[in-house]
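Following: one structure in structure tokens, then a few remarks.
The values are calculated or read from the model by the stated rules, or taken from the named source; none is laboratory data. What you are looking at is a predicted structure, and each value in this text was computed from that prediction instead of being measured. Cβ sites come from the backbone with ideal geometry, for glycine too, and all protein chains shown count toward neighbours.
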Amino acid sequence: MRGTIIKCSNCGALNRVLFEKIHSNPRCGKCNNYLNILDRPLDINFSQYIDEVENYSGYVLLDLWSPT
Ligand SMILES: [Zn+2]
């Protein structure tokens, strides 16, 4: 069983979601809130880096750029 861990944006609980269930609107096991599934790139700035990248429990693909 392969899957990923998704943090609930409502209560912060970590939820294991199987890959085959990821497109069926999974809900948090603690608060029943719908989990936010990233299905597109997320544009973040430096202040969001730790929360969005370092604290993410799954794999992260980074595309870094500088305006200068
Ligand atoms: Zn929750």
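Any idea which residue in region 17-33 is farthest from S57 (Cα to Cα), counting only those that are assigned to a strand (DSSP E or B) and within 13 Å of the ligand (Cβ to nearest atom)? Walk me through how you get there before you give the answer.
Filtering region 17-33 down to residues assigned to a strand (DSSP E or B) leaves 17-18, 27.
If we keep only those that are within 13 Å of the ligand (Cβ to nearest atom) too, we end up with 17, 27.
Details: V17: 12, R27: 17 Å.
Among residues in region 17-33 that are assigned to a strand (DSSP E or B) and within 13 Å of the ligand (Cβ to nearest atom), the one farthest from S57 (Cα to Cα) is R27.
Give me the pairs: first residue in region 1-29 and closer than 19 Å to R40 by Cβ, second residue near the ligand (Cβ under 9 Å from one of its atoms) and in a loop (DSSP other than H, G, I, E, B), beta-carbon distance under 7 Å, and six or more apart or on different chains, which are they?
Pairs that qualify, where the first residue is closer than 19 Å to R40 by Cβ and the partner is near the ligand (Cβ under 9 Å from one of its atoms) and in a loop (DSSP other than H, G, I, E, B), are I6/L35; V17/L35; P26/L35.
Here's a check for you: in region 14-35, which residue that is under 18 Å from N55 (Cβ atoms) and loosely packed, with under 14 Cβ neighbours inside 10 Å is modelled with the highest pLDDT? Before the answer, list the steps.
Our first condition is that a residue be under 18 Å from N55 (Cβ atoms); within region 14-35, this holds for 14-17, 28, 30, 35.
Within this subset, residues satisfying the condition of being loosely packed, with under 14 Cβ neighbours inside 10 Å are 14, 16, 30.
Values: L14: 91, R16: 93, K30: 98.
Ranking the candidates gives K30 first.
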